[in-house]
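Student: This structure is in structure tokens; I'll ask about it shortly.
The values are calculated or read from the model by the stated rules, or taken from the named source; none is laboratory data. Predicted, not measured: the structure shown is a model, and the values here were computed from it. Don't worry about glycine lacking a Cβ; one is built from the backbone with ideal geometry, like all the others, and counts go over all protein chains shown.
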Amino acid sequence: MPLALQSLSDSLYRVRHLWAVVSFALGLGSYFLVERQPWLAAVLTGFLVFSWLLLLTEGLWQQKVAGTAMEGVSQGLLKLMLQAVHQEAFFFSLPFVLLQWSGGAEYILFTTLVISAALMSIIDPIYFWLARHRALYFGFHAWALFVALLVLLPLLFHWKTDTALTWAGWLTALFALPSFWRFGGPRKWFRWAGLVAVSVVIALSPRWLAPLVPPLTLSLEERAMALSFNRAQRKPLVTGEVFTSEEVKEGLYAYTAIKAPLGLGQQVYHYWFHDGEQVDRIPLKVYGGRESGFRTWSHKRHIPVPSQGRWRVEVRTEDNQIIGVVRFYITPGV
């Protein structure tokens, strides 16, 4: 039996380069399938938690097989399984992350970190170097969990993005906690206090940095500025990107179709800006499930005078996370 397992381990190692391709394909496939097959999200969540438990108890079960033929096999299989889970988590989330580029430069850091982690998971020398450093490895696993939870919690439980962000932060702190034990472990009271303080900071950081974290399950499918609006059909009329000050005397409509997971309902806002200065904030309600996005709009009846200049309407969550932006110009009347 050990020889068979060793042969299996050797075979998997020889085709390890294919794992990245397969995981990338599964990640993209999960993005398109998960809205119609929500159980895929539950399976990924289960794998993340299960792999964390394996990593957490690695020392215990490695002691059981120490000195046997199973020792090398178990370590190799664990690393290959964890690598596959990390690849799936990042590439599953990556399409959601890339959809948020319309939100602006605020998400550059978050997007860069996700792309970098995804690349690290498929580059064997970097990944297995990381795996040799327990603290870094737990941190990497916690980051994979945090990114995945931002997608999975709204999909599975229909939580609002602010609720999902809060829970993702606390769960990440919990999952990252074992990474600190390698440093001798907290023995005295001040080490316990330091450990608790670091964990609380990790848990609360997503809330403090919410504007830098995109609402991954919300995306702007359609956007338009219009001089008039058919409320019965929820359709903008006389649209454009450039208007004259004469045309906007009766006001302007900002139309947005926001895609959200089935069963999710939450409040969003249209922030109106004129030459970089906020001039209005209008609350709206969004419900998920419509493939082309939930159609909503705001009507700004009073355009400040003088109105000419650069305008934009930012669609934000209650945590000031930008879902998308609509830009337009108003020129002097003829």
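Student: Tell me, which residue of region 78-119 that is at pLDDT 85 or above and surrounded by fewer than 18 Cβ atoms within 10 Å (Cβ to Cβ) is nearest to the chain's Cα centre (by Cα)?
Tutor: My answer is Thr111.
Student: Can you spot a residue in region 213-222 that is part of a loop (DSSP other than H, G, I, E, B), over 19 Å from Ala257 (Cβ atoms) and modelled with pLDDT of 90 or more?
Tutor: Looking for residues that are part of a loop (DSSP other than H, G, I, E, B), over 19 Å from Ala257 (Cβ atoms) and modelled with pLDDT of 90 or more, one finds at least one in region 213-222, hence yes.
Student: I've got another one for you. Of everything in region 138-162, what is of a type in the set (Phe, Trp, Tyr) and closer than 12 Å to His86 by Cα? Give them in sequence order.
Tutor: Phe138, Phe140, Trp143, Phe146
Student: Would you mind listing the strands (runs of 3 or more DSSP E) fully within region 269-334 where at least 1 residues are of a type in the set (Ser, Thr, Tyr), at pLDDT 90 or above and more than 20 Å from Lys235 (Cα to Cα)?
Tutor: 309-317, 322-331
Student: Now for a separate question. Going by the structure shown, is Leu237 crowded, with 16+ Cβ neighbours inside 10 Å, assigned to a strand (DSSP E or B) and not assigned by TED's automatic domain parsing to the domain that holds Leu149?
Tutor: For Leu237, the condition - crowded, with 16+ Cβ neighbours inside 10 Å, assigned to a strand (DSSP E or B) and not assigned by TED's automatic domain parsing to the domain that holds Leu149 - is not met.
Student: Checking Phe273 against (1) touching a residue at least 60 places away in the same chain (Cβ under 8 Å); (2) hydrophobic (A, V, I, L, M, F, W, C); (3) under 30 Å from Trp159 (Cα atoms); (4) surrounded by fewer than 19 Cβ atoms within 10 Å (Cβ to Cβ), only one condition comes out false. Which one?
Tutor: Only one criterion is unmet by Phe273, namely (1).
Student: Related question: How many residues are over 21 Å from Gly169 (Cβ atoms), in a helix (DSSP H, G or I), free of Cβ contacts under 8 Å to residues at least 12 places away in the same chain and among the β-branched types (Val, Ile, Thr) if we restrict to region 97-147?
Tutor: The qualifying residues number 1.
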